Amino acid sequence: MGVHECKIIELPKMEDDRGSLSFVESDSHIPFDLQRIYYLYNISEGASRGAHGHKKLQQLVIAMSGHFTIEVDDGGDKKIFHLDKPNLGLYVCPMIWRHLYDFSPDAVCVVLASLHYDESDYYRNYEDFMKDVKKQ
Ligand code: TYD
């Protein structure tokens, strides 16, 4: 596992003169079974989110509206992605420290997640994250 596994997934986009429609199916467009959706919105100017890691959680992060930047870090390598289209999602595998920033005022960040919310799956502290990275 590492940042090389964090990739942009292009979702289907059905377009006609009424507009666009995209969709996501578990285990088909995303490599996990979807158990939770959450979203960030009304994001304050200059605010950043994330700055944590997950032990087991897999996610697909989508800029449903507006745009923002996400940095992924596996404790060795880092990658930066700019998300700005509702039919593009960033797949984030387990054991990745992530940081979301540079949100546009209209940004809505939707996250599809493989597990229910569980605080014990989080690394809230970068040092704790690095300790487990080094053990692997
Ligand atoms: P958190 O994951 O820390 O978001 P961020 O890193 O972007 O600030 O979540 C913020 C708060 O929301 C935290 O108290 C946990 C709570 N929360 C839930 O209760 N359920 C969820 O599904 C999520 C994602 C967060």
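The values are calculated or read from the model by the stated rules, or taken from the named source; none is laboratory data. All values reported here derive from a predicted model rather than from experimental measurement. Don't worry about glycine lacking a Cβ; one is built from the backbone with ideal geometry, like all the others, and counts go over all protein chains shown. Just so you know, the surface numbers come from the protein's heavy atoms only, side chains and all, with ligands and any DNA or RNA stripped out. Shrake-Rupley method; radii C 1.70, N 1.55, O 1.52, S 1.80 Å.
Laid out as a table, the results:
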{"read-out": "Residue count for the range 1-44, restricted to those that are open to solvent by 50 Å² or more (accessible area, probe 1.4 Å), under 15 Å from ALA113 (Cα atoms) and charged (D, E, K, R)", "value": "3"}
{"read-out": "The range 109-127: number of residues that are open to solvent by less than 20 Å² (accessible area, probe 1.4 Å) and within 8 Å of the ligand (Cβ to nearest atom)", "value": "2"}
{"read-out": "Checking SER104 against (1) surrounded by 15 or more Cβ atoms within 10 Å (Cβ to Cβ); (2) closer than 22 Å to GLU45 by Cα; (3) small (Gly, Ala, Ser), the condition it does not meet", "value": "(1)"}
{"read-out": "Test set (1) part of a helix (DSSP H, G or I); (2) farther than 20 Å from GLU5 by Cβ; (3) charged (D, E, K, R) - LYS134 fails condition number", "value": "(2)"}
{"read-out": "Evaluation of TRP97 against (1) under 22 Å from PHE129 (Cβ atoms); (2) surrounded by fewer than 20 Cβ atoms within 10 Å (Cβ to Cβ) (one fails), failing number", "value": "(2)"}
{"read-out": "Residue among GLY89, GLY66 that is open to solvent by less than 10 Å² (accessible area, probe 1.4 Å), away from the ligand (no atom under 15 Å from the Cβ) and within 23 Å of LYS13 (Cβ to Cβ)", "value": "GLY89"}
{"read-out": "Unique residue being at pLDDT below 95, over 16 Å from GLY2 (Cβ atoms) and more than 12 Å from the ligand (Cβ to nearest atom) when the list is ASP27, ASP106", "value": "ASP27"}
{"read-out": "Strands (runs of 3 or more DSSP E) (entirely within the range 10-89) containing at least 3 residues that are more than 22 Å from SER120 (Cβ to Cβ) and out of contact with any helix residue (DSSP H, G or I) (no Cβ under 9 Å at 6 or more places or on another chain)", "value": "13-16, 19-22, 59-65, 68-73, 78-83"}
{"read-out": "Top-ranked residue of the range 45-59 - restricted to ones that are open to solvent by 60 Å² or more (accessible area, probe 1.4 Å) and in contact (Cβ under 8 Å) with a residue 40 or more places away in the chain, ranked as farthest from the ligand (Cβ to nearest atom)", "value": "GLU45"}
